[in-house]
Every structure is written in C-alpha cells, then in structure tokens.
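Scroll down for the structure; my scribbles are underneath it.
The values are calculated or read from the model by the stated rules, or taken from the named source; none is laboratory data. Values in this document were obtained by computation on a predicted structure and should not be read as measured data. Cβ coordinates were reconstructed from backbone atoms using ideal geometry, including for glycine residues, and neighbour counts include every protein chain displayed.
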C-alpha cells in the first residue's frame, strides 16, 4: 500500500484533522474538543479511539471516580505538525473564509512562522521540481 493511502486511512477525514489541530493548539480534554469543534460525542469518541489505536495519541487519566481522560499527542502524532501547518497556510492563501487568517508565532523571537520544506543537507528550500521520488 502506498504511504499516502495508508496515512489517509488514519487521518484522512475532516474531523480527524481538526482534532489534531486542536491538540497542536494545546487542547487535551474531550469536552473542550467537542465544544471547540461542534462535533458529536459519538464521532469524536470514534476518532479519538482510532487515533489512540494508531499511536498518534495516548490516553491518560487525569481524574479518578469517575475516571476522566485527556488525550496527548505522542511523538508519532507530533510528527504531523508540519503537515497540519502546511494545510492551515494553504487554506489561508487559497480559500476565502469569513475568519481572518490564523498566524502562528515563534515564541522565542515573535516572528510569524511558515511551513517550508528544506534540504536537510544544504538548507535550500525545496519545490516539487527539485526532487525525485525513489524507493529505498
């Protein structure tokens, strides 16, 4: 199976990407996710179970009697950060929405950040014409 197909099987629906966005912005609890997204409890529960089973979230109890859980991104889930930022910025550039664009700022220097692909060796910014697909 192609890796893009396999990835979309895990994160390829609207609610899943929005849940990931919420988690990247610090939301960990079910109720807060549900309020922010306006998603049904059933859909949110199913997506969180799938993301947890897929290793993108871990479920951690934060209260006892009754047990309540929060959902924290794992290293595997955190690796999706550049993809979510790229989708956010693409939408801001190419889709007209009622809401103003969301800017992400680097906490250390205050500069607005952008998603870019750069060569790990030379640091050049990469475009599709600068690469060649190879199976390893």
**Message:** Checking the condition surrounded by fewer than 16 Cβ atoms within 10 Å (Cβ to Cβ), within 27 Å of residue 106 (Cα to Cα), more than 16 Å from the chain's Cα centre (by Cα) and modelled with pLDDT of 95 or more, which residue from 32, 70 passes?
**Reply:** 32
**Prompt:** Can you name the residue in region 1-29 that is under 17 Å from the mean Cα position of the chain (by Cα), free of Cβ contacts under 8 Å to residues at least 40 places away in the same chain and in a loop (DSSP other than H, G, I, E, B) and, of all such residues, is surrounded by the most Cβ atoms within 10 Å (Cβ to Cβ)?
**Reply:** 27
**Fill in**
Subset of region 91-136, residues surrounded by 10 or more Cβ atoms within 10 Å (Cβ to Cβ), over 22 Å from the mean Cα position of the chain (by Cα) and not in a loop (DSSP other than H, G, I, E, B), comes to 130
**Fill in**
So, first residue farther than 11 Å from residue 116 by Cα in region 80-97, second residue at pLDDT below 90 and assigned to a helix (DSSP H, G or I), Cβ within less than 6 Å, six or more apart or across chains; the pairs are none
**Message:** Taking the criterion of being surrounded by 14 or more Cβ atoms within 10 Å (Cβ to Cβ), at pLDDT 95 or above and in a strand (DSSP E or B), would at least one residue in region 39-47 satisfy it?
**Reply:** no
**Request:** Considering each residue of region 73-90, count those that are outside any helix (DSSP H, G or I) and either in contact with a helix residue (DSSP H, G or I) (Cβ under 9 Å, 6 or more places away or on another chain) or surrounded by 12 or more Cβ atoms within 10 Å (Cβ to Cβ) (or both), and give that number.
**Result:** 3
